[in-house]
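Trainee: Handing you a structure now.
The values are calculated or read from the model by the stated rules, or taken from the named source; none is laboratory data. Note that the coordinates shown come from a computational prediction; the quantities given were computed from them, not determined experimentally. Every residue, glycine among them, receives a Cβ derived from its backbone with ideal geometry; neighbour counts consider all protein chains shown.
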Amino acid sequence: MMAPSLHSSGKINTLTLKNRLILAPMQQRKGTLDGHATDYHVEHYGRRAGDVGLVIIESTSVSPEGRLYHDDISIYSDSHIKPLSKIVKAVHNKDARIFIQLSHGGRKSYPQHRERLVAPSPLAFNDDYGTPNALNDADIARILDQYRQAAIRSKEAGFDGIELHAAHGYLLHQFLSPITNHRIDSYGGSANRRFHFVLQVVLAVREAVGPDYPVQIRVSASDYDKIGLIPLQVVNIISGLAQLLDAVHVSSGGLTPNRPLDVHPGYQIPYAAIMKSKLSLPVIAVGGIHQPALAERVISEQLADFIAVGRPLLDDPDFAGRLLGKHPLLSTER
Ligand SMILES: Cc1cc2nc3c(=O)[nH]c(=O)nc-3n(C[C@H](O)[C@H](O)[C@H](O)COP(=O)(O)O)c2cc1C
């Protein structure tokens, strides 16, 4: 069999993507105060959809108290559906597919706007965010329902699939990591119990959308902390969800202010490659994969199945086309 290339089509669940490039989810901070997407988003995503197989739109809040910023976009009410569906149409018109990224910020939710800052345990990210309230059983049931409703609305808006944001220190990640989850009930105390909430979220979403609808997860493969999650633990977490998920998107960090010591091009590729070697799910690599030779190697050597590209596509909407050799590279990109 021929080795795959960036140009090869790929599959996530029943969905075929025309190539292996993905627009990484990136906050635009251009939502209305009540979390509605605007014409800005329609233009922004439509303009960047031409050369990628898949657009993943920015983190979109399932709950008013889980918004990441006062100007992020949300999907906690039916009124959010219509503006989101305009983004979907603009991307479909460019012959690309589009996923929504569903999130809840937990202790990293927008503090000034908060109705009530919540998290698995009352541990602050930093002084700016402040100390969250520990979630009780009723809160957890409410958030699970918010994920369920958000999943149904995502489908109604026409998205081709869902990415659950369990990376970068937001609520799902906060449950998974021993740094942020000090609970002693059925949601904490052992790796299995820390996994419980995320399993319930994935089950709720899968049940809401059915077996054929793509659902993937974005994880941080490392907490960059000696008592935090390490890649093999994250592999175990994903193994426990593999039957329910269609792909895994491998990022890192964000749980605490700790940052990796060395951020070089493709620094997260080894994390994606570990997932790829241990799991039978499609894997998305991301992070500084901005050179055609590097991107091509990740795919042809099957270190990952897809590559998500972030920042260069903000500055240059044609950047994916440059990676594919459709447009010339700018001198800084070689
Ligand atoms: C402005 C900006 C906003 C971002 N917003 C999100 C987001 O909403 N959700 C998410 O999972 N990652 C977010 N990220 C991380 C990107 O998806 C991506 O992982 C990161 O930029 C590394 O890829 P790159 O080197 O190709 O830019 C954001 C990054 C940037 C620069």
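Trainee: Somewhere in region 231-248, is a residue modelled with pLDDT of 95 or more, more than 16 Å from the ligand (Cβ to nearest atom), acidic (Asp, Glu) and within 22 Å of residue 187 (Cβ to Cβ)?
Mentor: No: zero hits.
Trainee: Confirm whether residue 219 is within 16 Å of the ligand (Cβ to nearest atom), of a type in the set (Val, Ile, Thr), farther than 30 Å from residue 93 by Cβ and at pLDDT 95 or above. Before the answer, list the steps.
Mentor: Working: within 16 Å of the ligand (Cβ to nearest atom): yes; of a type in the set (Val, Ile, Thr): yes; farther than 30 Å from residue 93 by Cβ: yes; at pLDDT 95 or above: yes.
The answer is yes for residue 219.
Trainee: Can you tell me which residue among 266, 254 is in contact (Cβ under 8 Å) with a residue 40 or more places away in the chain, more than 26 Å from residue 160 (Cα to Cα) and surrounded by 18 or more Cβ atoms within 10 Å (Cβ to Cβ)?
Mentor: 254
Trainee: Has region 126-142 got any residue that is closer than 15 Å to residue 202 by Cβ and aromatic (Phe, Trp, Tyr)?
Mentor: Looking through region 126-142, none of the residues is closer than 15 Å to residue 202 by Cβ and aromatic (Phe, Trp, Tyr).
Trainee: Another question, if that's okay. Can you pull out the residues in region 64-96 that are polar (S, T, N, Q) and surrounded by fewer than 24 Cβ atoms within 10 Å (Cβ to Cβ)? I'd like the intermediate steps shown before the answer.
Mentor: First, the residues of region 64-96 that are polar (S, T, N, Q): 74, 77, 79, 85, 93.
Hits for region 64-96 are 77, 79, 85, 93.
Trainee: Can you tell which of 92, 104 is within 27 Å of residue 248 (Cβ to Cβ), out of contact with any strand residue (DSSP E or B) (no Cβ under 6 Å at 6 or more places or on another chain), within 16 Å of the ligand (Cβ to nearest atom) and not small (Gly, Ala, Ser)?
Mentor: 104
Trainee: Whether any residue in region 146-162 is part of a loop (DSSP other than H, G, I, E, B) and among the small types (Gly, Ala, Ser) is what I want to check.
Mentor: yes
Trainee: Ok, one more. Within region 280-311, work out how many residues are in contact with a strand residue (DSSP E or B) (Cβ under 8 Å, 6 or more places away or on another chain), away from the ligand (no atom under 11 Å from the Cβ) and either in a loop (DSSP other than H, G, I, E, B) or within 22 Å of residue 237 (Cα to Cα) (or both).
Mentor: Total satisfying the criteria: 7.
Trainee: If you don't mind, there's one more thing I want to ask. With the requirement that a residue be more than 14 Å from the ligand (Cβ to nearest atom) and under 13 Å from residue 61 (Cα atoms), what does region 16-31 give you?
Mentor: Within region 16-31, no residue meets the criteria.
Trainee: Follow-up. If you scan region 249-268, which residues turn out to be within 16 Å of the ligand (Cβ to nearest atom), among the β-branched types (Val, Ile, Thr) and over 16 Å from the mean Cα position of the chain (by Cα)?
Mentor: Matches in region 249-268: 263 only.
Trainee: May I pose another question? Go through region 217-265 and give me each residue that's closer than 19 Å to residue 169 by Cβ and in a strand (DSSP E or B).
Mentor: Within region 217-265, 217, 218, 219, 220, 248, 249, 250, 251 qualify.
Trainee: Quick one: would you say residue 321 is within 16 Å of the ligand (Cβ to nearest atom), among the small types (Gly, Ala, Ser) and in contact with a Phe, Trp or Tyr (Cβ under 7 Å, 6 or more places away or on another chain)?
Mentor: Answer is no for this residue.
Trainee: Residue by residue through region 70-81, note down the ones that are without any contact (Cβ under 8 Å) to a residue 60 or more places away in the chain and either more than 18 Å from the chain's Cα centre (by Cα) or part of a helix (DSSP H, G or I) (or both). Before the answer, list the steps.
Mentor: First, the residues of region 70-81 that are without any contact (Cβ under 8 Å) to a residue 60 or more places away in the chain: 70-74, 77, 79.
Within region 70-81, 70, 71, 77, 79 meet the criteria.
Trainee: Another question about this same structure. Report whether or not residue 329 is touching a helix residue (DSSP H, G or I) at 6+ places or on another chain (Cβ under 9 Å), assigned to a helix (DSSP H, G or I) and not small (Gly, Ala, Ser).
Mentor: Working: touching a helix residue (DSSP H, G or I) at 6+ places or on another chain (Cβ under 9 Å): yes; assigned to a helix (DSSP H, G or I): no; not small (Gly, Ala, Ser): yes.
No: the conditions fail for residue 329.
Trainee: Of the numbered conditions (1) out of contact with any Lys or Arg (no Cβ under 8 Å at 6 or more places or on another chain); (2) under 19 Å from residue 198 (Cα atoms); (3) small (Gly, Ala, Ser), residue 130 fails exactly one; give the number of that condition.
Mentor: It fails just one condition, (2).
Trainee: A further question on this structure: Quick check, is residue 43 away from the ligand (no atom under 14 Å from the Cβ) and in contact with a Ser or Thr (Cβ under 7 Å, 6 or more places away or on another chain)?
Mentor: no
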